[in-house]
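The structure appears right after this line, and notes come after that.
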Amino acid sequence: MSVWSTTLYGFSLRVVLLRGRTAAFAVLPLLVAVVAVVVIATTSVPSRYGVTSTVTAGIVTGLVVPVVALVLGTGAFGDERDARTLPLLRGTARPRWHVVLSRWAAAWTATVLLCLPAAAGAAALGISVDRPAGPVLAGTLLATVLTAAAYTGVFVLLSLLTSRGLLAGLAYVVVWETFLAGLAPALRGLSIGSYGRRVATLALPADVPVATVATTSVAVAAVVLALVAAVAVALASLRLQRMDVG
């Protein structure tokens with residue numbers, strides 16, 4: 001990446017992290033971490049088995065990451081739409097894919113950073129049920145990082161496709177990810193969350209069931225999440241190149 005793109009990434013990251021909404025949504029991962037600590041302190045090891053699945057795959061991967069990614073991803077260009085500063089991009093000498101890549105990378109980084117407390121709480125919960133620390137930490141972190149990459153890519157694309165990107169993304173998370181993919185197993189192959197939860201199973205005991213998981217291997221699920229992120233960023237770059245930013 002060029003110096004120009006690196007500078008834009010640093011600027012974009014500072015903007016994302018210093019937004020008021022970012023601080024507001026940082027409360028959600030912290031709350032999950034507190035709940036995990038309370039569960040560890042107040043319940044026995046056998047009682048935590050089911051809770052580990054709920055917290056790691058259900059709450060962290062299925063709720064915290066998509067919600068935080070939704071807010072930060074759609075804000076990558078949505079804020080510039082609202083402030084009417086998007087036309088300034090026409091004056092840049094660099095390819096617009098540099099702009100998109102930098103904005104996505106900033107939103108992705110910020111999403112992972114904000115979700116780390118929740119991921120740490122989930123990992124602590126997994127280790128507390130006598131799981132090896134290595135697989136628990138690796139599985140939780142990998143699921144968080146890859147799921148965040150895919151979601152932020154999709155939501156950055158939405159922010160360029162429509163001025164109602166936040167509402168469109170919310171509808172996607174609630175209707176498709178939570179409702180339809182949960183009811184119809186055939187639709188799980190088109191659900192980002194189902195692949196994220198499949199990666200998260202690395203951190204869970206083998207005998208603990210996880211709902212709405214993609215029927216594939218962990219390696220394939222990880223590749224799918226990475227491909228979703230790459231394709232979404234590519235499409236967002238194409239959209240910014242062709243759209244009338246005026």
ALA171 versus LEU187: modelled label distance in nm, points set 7 Å from Cα along the beta carbon direction: 1.4
Using a 1.4 angstrom probe, figure out how much accessible area the chain has per residue, in square angstrom, rounded to the nearest whole. 45
What nm value, rounded to one decimal, do you get for the distance between ARG242 and LEU180 when each label is placed 7 Å out toward the C-beta? 2.3
Whenever you get a sec, line up LEU167, LEU158 from highest to lowest accessible area (probe 1.4 Å, protein heavy atoms). LEU167, LEU158
Going by a ≥ b ≥ c, the root eigenvalues of the Cα gyration tensor, does segment 94-202 fall in the rounded group (a/c under 1.5), the prolate group (a/b larger than b/c) or the oblate group? oblate
HN-Hα couplings for segment 31-44 via Karplus (6.51, -1.76, 1.60; θ = phi - 60°), in whole Hz with x for Gly/Pro, come out as 5, 4, 4, 5, 4, 4, 5, 5, 4, 4, 6, 10, 10, 7
Arranged from highest to lowest average of other beta-carbon atoms within 10 Å per residue, in what order do the peptides 115-124, 232-241 appear? 115-124, 232-241
Grab the other residues whose beta carbon is less than 11 angstrom from that of VAL218, score K and R as +1, D and E as -1, and report the net. +2
The answer for trypsin sites (Lys or Arg not before Pro) in segment 145-206 that fall in a DSSP coil and have at most 16 neighbouring Cβ atoms within 10 Å is ARG164
Could you run the Karplus curve 6.51 cos²θ - 1.76 cosθ + 1.60 with θ = phi - 60° over segment 129-136 and give me ³J(HN,Hα) per residue in whole Hz, x for Gly and Pro? 9, 6, 7, x, 5, x, x, 5
Which length gain, in nm to one decimal place, applies between VAL27 and ALA230 when the Cα-Cα distance is subtracted from 0.36 nm times their residue separation? 70.2 nm
Provide the net charge surrounding LEU125, with neighbours chosen by a C-beta distance below 10 Å and charges set as Lys +1, Arg +1, Asp -1, Glu -1. +2
Name the residue, out of THR56, THR140, THR216, whose mean-square fluctuation peaks in a Gaussian network model built on the chain with Cα pairs under 10 Å. THR216
Percent of Cα-Cα pairs more than 34 Å apart in the chain, please. 17
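The values are calculated or read from the model by the stated rules, or taken from the named source; none is laboratory data. Remember, predicted model here, so these are calculated numbers, not experimental data. In this analysis, Cβ positions are derived from the backbone assuming ideal geometry, glycine residues included, and neighbour counts consider all displayed protein chains. Keep in mind that these areas ignore ligands, DNA and RNA; they rest on the heavy atoms of the full protein, side chains included. Shrake-Rupley method; radii C 1.70, N 1.55, O 1.52, S 1.80 Å.
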